[in-house]
Amino acid sequence: VASSLVNKGLKPNLILSAAQPPHLREKHIKLSSLSIDELVQTLAQLNGVPQSWISAPELLELFIDTLRADFKMYENFIFPKNITHLNTLSVNGYEDLLCRPQYAFEWDLYFKKVSIDFISGNHLFLNEIPKQFANKIVSYFNSFFNIIV
């Protein structure tokens, strides 16, 4: 989306949430090719889906194809070179086992100006603590205007 906006002459700010830089994909298991049982087990170990989905197989079954498609998209993602100039914020969970926080700083390899921030929680911090995540974003945008909250 950001690349398309840049192609239209816009300069959006980019917010990355629980995302590792593309060159780290090799460190991941190809989740899209796992069997359903293996995928569920792996996601449960990594806190990659809500526990309520793991406890309710019928609910998980509704989302498994979407999850698999998301993983396949991530595994095949090619970083667009036309977004390297965008102001970027990367927010990462301290306890994230899927997108390890220590790798967040490697976004510097992709963007000229990137702010790295951390939040309590695992990969699903957006679901767990949405208000704190929203506060991070508000603080980030306020920094452009020197607004003190």
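List of remarks:
- The set of residues in region 22-50 that are part of a helix (DSSP H, G or I) and either open to solvent by less than 50 Å² (accessible area, probe 1.4 Å) or modelled with pLDDT under 80 (or both) comprises PRO22, LEU24, ARG25, GLU26, LYS27, LEU31, SER32, LEU39, VAL40, THR42, LEU43, ALA44.
- Looking only at region 78-123, and only at residues there that are assigned to a helix (DSSP H, G or I) and in contact with a helix residue (DSSP H, G or I) (Cβ under 6 Å, 6 or more places away or on another chain), the one that is least open to solvent (accessible area, probe 1.4 Å): ILE83
- Here is the figure for region 1-21: residues that are outside any loop (DSSP other than H, G, I, E, B) and not aliphatic (A, V, I, L, M) total 4.
- Any hit, region 51-70, residues being open to solvent by 90 Å² or more (accessible area, probe 1.4 Å), assigned to a helix (DSSP H, G or I) and in contact (Cβ under 8 Å) with a residue 40 or more places away in the chain: no
- Among the conditions (1) in contact (Cβ under 8 Å) with a residue 40 or more places away in the chain; (2) within 28 Å of GLN45 (Cα to Cα); (3) more than 16 Å from the chain's Cα centre (by Cα), PHE133 misses just one, which is (3).
- Residue within region 124-137 that is out of contact with any strand residue (DSSP E or B) (no Cβ under 7 Å at 6 or more places or on another chain), open to solvent by 30 Å² or more (accessible area, probe 1.4 Å), hydrophobic (A, V, I, L, M, F, W, C) and under 24 Å from PRO12 (Cβ atoms) present: yes
The values are calculated or read from the model by the stated rules, or taken from the named source; none is laboratory data. Remember, predicted model here, so these are calculated numbers, not experimental data. Counting neighbours? That spans all protein chains shown, and the Cβs are built from the backbone with ideal geometry, glycine included. The protein model used for the area step is the full one, side chains on, heavy atoms only, and it has no ligands, DNA or RNA in it. Shrake-Rupley method; radii C 1.70, N 1.55, O 1.52, S 1.80 Å.
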